[in-house]
There are 2 protein chains.
Amino acid sequence: PGKIMSKVVELGKKTKKLGEDDPRRIIHSLKVGLAITLVSLFYYFEPLYDGFGVSAMWAVLTVVVVFEFSVGATLGRGLNRGLATFLAAALGFGAHHLASLSGKKGEPILLGLFVFLLAAAVTFVRFFPRMKARYDYGLLVFILTFCLISVSGYRDDQVLHMAHKRVSTILIGGFTALLVCIVIYPVWAGDDLHNLVANNIEKLADFLEGFGPEYFRISEDAETDKSFLEGYKTVLNSKQTEESLTNFARWEPPHGQFRFRYPWEQYLKTGSLTRHCAYRIEALSGYLNTDTRIQQRVCGKLEQPCLNLCSESVKALKELSFAIKTMTTPSSANSHITKSKIAAKNLKSSLNTGLCKGTDLLEVIPVITMASLLVEVVSCTEKITESFKN
Amino acid sequence: PGKIMSKVVELGKKTKKLGEDDPRRIIHSLKVGLAITLVSLFYYFEPLYDGFGVSAMWAVLTVVVVFEFSVGATLGRGLNRGLATFLAAALGFGAHHLASLSGKKGEPILLGLFVFLLAAAVTFVRFFPRMKARYDYGLLVFILTFCLISVSGYRDDQVLHMAHKRVSTILIGGFTALLVCIVIYPVWAGDDLHNLVANNIEKLADFLEGFGPEYFRISEDAETDKSFLEGYKTVLNSKQTEESLTNFARWEPPHGQFRFRYPWEQYLKTGSLTRHCAYRIEALSGYLNTDTRIQQRVCGKLEQPCLNLCSESVKALKELSFAIKTMTTPSSANSHITKSKIAAKNLKSSLNTGLCKGTDLLEVIPVITMASLLVEVVSCTEKITESFKN
């Protein structure tokens, strides 16, 4: 029993943390509850229920499957579902009518053939990467509705009636979900993408800011939190998140600072350059624990240029991140880049002069590599800055 | 019209390529068509249709949404759907019964409250990363079924009947989907994961194999295909694919060489080390275009150790990849690792002796960094090898 209690306590802590990390999660849960409760009112109000009957459940079903965390995702699923249902219902009705012309015996065979061909073809279309990214759900619903409508063993007029009810209940469900999603504390995928890209750049800056003092053992305080040296690791695997957020953001209407036809793919470019820089930083982080004795063979003159380089790069990156967040032009990022390039040059020449006087090259290779990677980070930073000009 | 024609031709080419790249896609599409056609037979056979009525469409619906590319994904979705439907139907029936006790007026209020609370709570649970990875679909279906059953405005016995029909049609649909998925050319997520991890290691080997000759301009043939130098890039972003394949593989029953309780997480470990190595290679690839004049300042003695190091690492990596594929123990990988470490030592000492005689250190920094990164690749390779021993 003590073990169970501790598990319950742990679960409670996890739940609390999940809510605290992103309070929008709690709001989202309440929104879903609200939307479903609203739609289920259909069952209670007799006149509405009489109109739709059992079909009213399609409205509930639509809310449950369409309601996503962000507005873009909800809109994407909603539009996919609505459009696919409409098209498939029309096509299904046509197929049903065509098959019924061929008499009692031919009908099931013909219908079976239609269903088989359409299901197989559309399933294959789902493999196209572009279709998968934006219309996967629509294609699924298309198969579904086509089968339901064309196969149902009713007469033509009944099928038409059924198709009509299905489309209209889905519209009602979809609109309810969208309304609740957009009106009450909307979560915009575009905002999330925006912040993700800005934060990722800041994470690189955080690493570089900590790298210098950590490498040269300037801050001897072992107690300090070193999580800033790990932050960049999430950047390494951010590609898929960025891509799906971009796909969601494309569905979203203009909002806040994001006007119509906002160039979302620009974020993908900046994101990819940021990841590029993170790969270099990952290589760099391997040299954090270089023995101080090795450092001292060259380091007297290296420390200052290294620290300068880092601090200028950090300033440039932080300015970029801030510029993204506030949607302003980074005014002084270029001058920081120039300064960091000068620091890189200084670093190289101090390597050249600080060495060669009898020092064993073999021993200082790690230091040289570290310096060389730092210089590369500068050129990565420059590329990120340049991507803003276009 | 000419423009449309060329678009059609292009689309045709793309379709053909999609099918040729992985013929299992075509088979999968046909399988989906078959499964749906099989299930839709319910509508044609009068006795079956009489038993289930409109509920028969749940069977079609289940096949469409449950049938996934791999057996693991299909099983996972099927089990999620089946279990969630069963549990939610039971709970929904209880809620419905409880609410109906409170009289005509209290019933809708109480039901609305139940639906709201359950939907909000379960939606929040979907945010737990572990639940999201394996039970996301089940939680969705749980909300759905609970709402449908508890809210439906029928009397108790009718609700029971409805719940029974829903559960049984879903079982039929799920079994049909699973049967077709497993019996006809099954696609195992476990196999895919297995091959992915092995191929990723091989891609690293391909890069290293090409790196030496390319760096030292040994093969002057500009015509040759250099795609092997790009192959490693897909490894950088393989994390999410590996994780989802692992989740699918866990649902799969023992098959082929994969026995019960196969340690799938081992692949995640190896995959993560492979990615680690790929990050180093990404940094290394930045030095591919180093000016030959710079190389010649040191290279006379560097070339051979570099080529040795690469070729031994390549042998080790290829052996590992082959060992994964054939599920054997890599017999000579260790000796190749030892040899590559010797080569790394030789490389370092040639750097030391080949330099320092008046050469400008500044100029050869790129060469030193390249060598240093190569040495790191060796230690990454060693880690991958070690991960096999446990």
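The values are calculated or read from the model by the stated rules, or taken from the named source; none is laboratory data. Being a predicted model, the structure only gives us computed values, none of them experimental. All Cβ positions, even for glycine, are placed from backbone atoms using ideal geometry, and neighbour counts span all protein chains on display.
Condition first: facing another protein chain (nearest Cβ under 10 Å), surrounded by fewer than 18 Cβ atoms within 10 Å (Cβ to Cβ) and at pLDDT 75 or above. Can you find one or more residues in the range B:349-365 that meet it? Yes, the range B:349-365 contains at least one residue that is facing another protein chain (nearest Cβ under 10 Å), surrounded by fewer than 18 Cβ atoms within 10 Å (Cβ to Cβ) and at pLDDT 75 or above. Specify the residue that is farthest from A:Phe146 (Cα to Cα); the eligible residues are those in the range A:77-94 that are surrounded by fewer than 23 Cβ atoms within 10 Å (Cβ to Cβ) and aliphatic (A, V, I, L, M). Going through the qualifying residues, I end up with A:Leu79. Screening A:Leu320 with (1) within 14 Å of chain B (Cβ to nearest Cβ); (2) in contact with a Pro (Cβ under 7 Å, 6 or more places away or on another chain); (3) at pLDDT 85 or above gives one miss only, at (1). Against the conditions (1) surrounded by fewer than 18 Cβ atoms within 10 Å (Cβ to Cβ); (2) farther than 15 Å from A:Ser55 by Cβ, A:Ser168 satisfies every one except (2).
Before we move on, is B:Thr74 in a helix (DSSP H, G or I), surrounded by 20 or more Cβ atoms within 10 Å (Cβ to Cβ), touching a His at 6+ places or on another chain (Cβ under 9 Å) and modelled with pLDDT of 90 or more?
Values: in a helix (DSSP H, G or I): yes; surrounded by 20 or more Cβ atoms within 10 Å (Cβ to Cβ): yes; touching a His at 6+ places or on another chain (Cβ under 9 Å): no; modelled with pLDDT of 90 or more: yes.
Considered against the rule, which asks whether it is in a helix (DSSP H, G or I), surrounded by 20 or more Cβ atoms within 10 Å (Cβ to Cβ), touching a His at 6+ places or on another chain (Cβ under 9 Å) and modelled with pLDDT of 90 or more, B:Thr74 comes out as no.
With respect to A:Ser340, is the statement that it is closer than 28 Å to A:Val197 by Cβ, crowded, with 23+ Cβ neighbours inside 10 Å and at pLDDT 85 or above true? Considered against the rule, which asks whether it is closer than 28 Å to A:Val197 by Cβ, crowded, with 23+ Cβ neighbours inside 10 Å and at pLDDT 85 or above, A:Ser340 comes out as no.
One residue stands out among those in the range B:113-134 that are surrounded by fewer than 16 Cβ atoms within 10 Å (Cβ to Cβ) and aliphatic (A, V, I, L, M): the one that is nearest to B:Thr74 (Cα to Cα), which is B:Ala133.
Highlighted here are the helices (runs of 4 or more DSSP H) found entirely within the range B:216-285 that include at least 3 residues which are facing another protein chain (nearest Cβ under 10 Å), buried (at least 21 other Cβ atoms within 10 Å of the Cβ) and at pLDDT below 90: B:265-285.
Against the definition (within 26 Å of A:Leu11 (Cα to Cα), surrounded by fewer than 22 Cβ atoms within 10 Å (Cβ to Cβ), in contact with a helix residue (DSSP H, G or I) (Cβ under 8 Å, 6 or more places away or on another chain) and at the interface with another protein chain (Cβ under 9 Å from one of its Cβ atoms)), how does B:Leu140 come out, yes or no? It is true that B:Leu140 is within 26 Å of A:Leu11 (Cα to Cα), surrounded by fewer than 22 Cβ atoms within 10 Å (Cβ to Cβ), in contact with a helix residue (DSSP H, G or I) (Cβ under 8 Å, 6 or more places away or on another chain) and at the interface with another protein chain (Cβ under 9 Å from one of its Cβ atoms). Any residue at all in the range B:88-107 that is within 10 Å of chain A (Cβ to nearest Cβ) and over 24 Å from B:Leu30 (Cα atoms)? Checked against the condition, which is being within 10 Å of chain A (Cβ to nearest Cβ) and over 24 Å from B:Leu30 (Cα atoms), the range B:88-107 yields at least one hit.
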